Amino acid sequence: MTATLPTSTSASEVARLRSTFATGRTRDVAWRLAQLEGVERMVAEREDDFAIALAADLGRPRVDAWLADLAPTTAESAFARKHLKRWMRSKRAGLPLSVQPGSARYVYEPLGTVLIIGPWNYPVYLTLTPLVAALAAGNCAVVKPSEHAPAVAALLADLLPRYVDRDAVAVVTGGPEETQDLLAQGLDHAFFTGSPEVGALIMAAAAPTLTPVTLELGGKSPVIVTGDADIAVAAKRIAWTKLMNSGQTCIAPDYVLVEESVRDTLVAGIAEATRELRGGAEDGLRIVNARQAARIAGLLDDHGGRIAYGGAVDVEALTGQPTIVVDPRPDSPLMTEEIFGPILPVLTVEDLDTAIRFVNDRPKPLAVYLFSRSKGVAKRVTAEISSGGTVINHLMFHVLVPQLPFGGVGRSGMGAYHGRWGFETFSHRKSVLTKPTRPDLSLIYPPYTAKAEKLLRRFF
Ligand code: NAD
């Protein structure tokens, strides 16, 4: 279904965008605003087409398609449009005594022609939101949607040229080979959303041309639940966010660390909330493809824990039941690999110290969630665990705050976007220093007399 373009086409696409960038028209604020309006208009006018494509690729219900893919894309673009002029303003800076007189400022320059490599799990939102940032910053962009969401990839290839400047945005469909080919051409930035494993390959492919990268990766995001937490609310929120897109969300709760005193209540609560949120349905949730379904089934093979809810994965039908596994072995694949599916391990921990140590002994997660009534506990978790983001008493909502930078740290990624942070990612901050020609103090030029040196030592 994916219309893969031959290699030579992607080279000519990049060349076409480069010549558009060279005209300078993408720097104009009116051009940038028009592109963002185009993205918003496309999403509004083509909501039906996007919903159909998302249902075909991921079995996503219509409301979910709107809620998780379309509405946040529009919100991000509208936010950028509202604030763009302020973001673009040059910023004044102070001068040390040694450089006075003069004036200093920095200006935001677009980078040029950038590459956006999208994942399949929220294939509209996670492909268009980086594009919004790239266009707001005045760049041309090659968009490479995921081949694992082929209906959305084909739709973006069809629609984007109709709604935005077709000489400034190109869609190249295909998989690893096409992505590598694009990277080999040496772009001005590569923005990748996907797994840490592929992120490393992207960084390696970008290295020979010194293409800077932003890597939005994944990992195992823990939820810590302390004995004093509001367990009913915690259970419902954990169940809801885990169910979203069948657990195939980069910031989904991957596993839970809970104090023993509330463990059984929490597990029962998550099971009950899962049942309720699904209207009593017991069947499996849609998994994107057979490879992922087989991988998820494999995670249930040998974990050493107790299945408290669900447990069935049907690889042929591409479905997996929402599943709770209590106390799996920490060294089992279920606890060492990112789950990216509807399975939720719940591990008993002695206390908060043990929970913090458990998380800190592993790669830095994309998100850390905490349920606790104690402000002191929230302070400790925020201060003592490094993660891309932290949410207290809820999950995932930080992704919807354009005022906050969104991105990982360590193995969960490098760089950030959303709102102003996306604009910054796709801009170069150029320092501009302006000096008067007079006075032209001879003191600064050699040869230096003892008196001159003494004076210079005071100023520098
Ligand atoms: P992936 O890493 O398999 O692929 C993502 C993209 O990389 C695709 O466009 C694909 O064509 C391309 N690609 C794959 N192999 C390549 C190679 N060898 N060379 C060049 N390009 C290659 O990721 P995915 O399966 O689409 O998404 C799942 C992962 O993404 C999970 O780890 C998840 O946590 C992470 N993720 C992170 C975020 C975030 O915002 N941080 C969001 C969504 C998903």
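Please verify whether Ser332 is among the polar types (S, T, N, Q), over 19 Å from Tyr309 (Cβ atoms) and open to solvent by less than 10 Å² (accessible area, probe 1.4 Å), treating the condition exactly as stated.
Working: among the polar types (S, T, N, Q): yes; over 19 Å from Tyr309 (Cβ atoms): no; open to solvent by less than 10 Å² (accessible area, probe 1.4 Å): yes.
Spelling it out, it is not the case that Ser332 is among the polar types (S, T, N, Q), over 19 Å from Tyr309 (Cβ atoms) and open to solvent by less than 10 Å² (accessible area, probe 1.4 Å).
Against the conditions (1) farther than 30 Å from Asp254 by Cα; (2) within 51 Å of the chain's Cα centre (by Cα), where does Pro446 fall short? Just the number, please.
(2)
Would you be able to tell me the number of residues in segment 171-184 that are crowded, with 17+ Cβ neighbours inside 10 Å, near the ligand (Cβ under 8 Å from one of its atoms) and either part of a helix (DSSP H, G or I) or not small (Gly, Ala, Ser) (or both)?
Final tally of qualifying residues: 3.
So which residues in segment 147-170 are surrounded by fewer than 24 Cβ atoms within 10 Å (Cβ to Cβ) and either part of a loop (DSSP other than H, G, I, E, B) or of a type in the set (Val, Ile, Thr) (or both), if there are any at all?
Glu147, His148, Val164, Asp165, Arg166, Asp167, Ala168, listed by residue number.
Can you tell me which residue among Gly422, Gly408, Gly341, Gly413 is within 26 Å of the chain's Cα centre (by Cα), closer than 27 Å to Ala104 by Cβ and crowded, with 20+ Cβ neighbours inside 10 Å?
Only one candidate qualifies: Gly422.
State which residue pairs qualify: first residue within 24 Å of Ala134 (Cβ to Cβ) and open to solvent by less than 60 Å² (accessible area, probe 1.4 Å) and inside segment 99-110, second residue assigned to a strand (DSSP E or B) and not small (Gly, Ala, Ser) in any location, beta carbons under 7 Å apart, and separation of 6 or more residues or different chains.
Final answer for the pair search is Val107/Lys430; Val107/Val432; Tyr108/Arg429; Glu109/His428; Glu109/Lys430.
Which one is farthest from the ligand (Cβ to nearest atom) among residues in segment 185-194 that are part of a loop (DSSP other than H, G, I, E, B) and touching a residue at least 60 places away in the same chain (Cβ under 8 Å)?
Asp188
From Glu197, Glu216, which residue is surrounded by fewer than 24 Cβ atoms within 10 Å (Cβ to Cβ), within 13 Å of the ligand (Cβ to nearest atom) and more than 19 Å from Thr26 (Cβ to Cβ)?
That would be Glu197, the only listed residue that is surrounded by fewer than 24 Cβ atoms within 10 Å (Cβ to Cβ), within 13 Å of the ligand (Cβ to nearest atom) and more than 19 Å from Thr26 (Cβ to Cβ).
For segment 410-428, check the following and say yes or no: at least one residue is of a type in the set (S, T, N, Q), within 30 Å of Asp28 (Cβ to Cβ) and within 15 Å of the ligand (Cβ to nearest atom). Walk me through how you get there before you give the answer.
Residues of segment 410-428 that are of a type in the set (S, T, N, Q), as a first pass: 412, 425, 427.
Now narrow it down to the ones that are within 30 Å of Asp28 (Cβ to Cβ): 425, 427.
Applying the additional criterion that residues be within 15 Å of the ligand (Cβ to nearest atom) yields 425.
Checked segment 410-428: at least one residue is of a type in the set (S, T, N, Q), within 30 Å of Asp28 (Cβ to Cβ) and within 15 Å of the ligand (Cβ to nearest atom).
Listed here are the residues, each with its yes/no results for (1) crowded, with 18+ Cβ neighbours inside 10 Å; (2) within 30 Å of Arg380 (Cα to Cα); (3) assigned by TED's automatic domain parsing to the domain that holds Tyr369.
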site	(1), (2), (3)
Ala232	no, yes, yes
Thr241	yes, yes, yes
Met244	yes, yes, yes
Asp254	yes, yes, yes
Asp283	no, no, yes
Ala293	yes, no, yes
His303	yes, no, yes
Ala308	yes, no, yes
Gly311	no, no, yes
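Taking Pro363, is it open to solvent by 50 Å² or more (accessible area, probe 1.4 Å), more than 15 Å from the ligand (Cβ to nearest atom), more than 30 Å from Leu54 (Cα to Cα) and not small (Gly, Ala, Ser)?
no
Within the bounds of segment 445-454, is there any residue that is in contact with a helix residue (DSSP H, G or I) (Cβ under 9 Å, 6 or more places away or on another chain), closer than 30 Å to Met203 by Cβ and not in a strand (DSSP E or B)?
Looking through segment 445-454, none of the residues is in contact with a helix residue (DSSP H, G or I) (Cβ under 9 Å, 6 or more places away or on another chain), closer than 30 Å to Met203 by Cβ and not in a strand (DSSP E or B).
The values are calculated or read from the model by the stated rules, or taken from the named source; none is laboratory data. Computed from a predicted structure; not experimentally measured. Note that we place each Cβ from the backbone using ideal geometry, even for glycine, and neighbour counts take in every protein chain shown. Note: areas computed on protein heavy atoms with side chains; ligands, DNA, RNA excluded. Shrake-Rupley method; radii C 1.70, N 1.55, O 1.52, S 1.80 Å.
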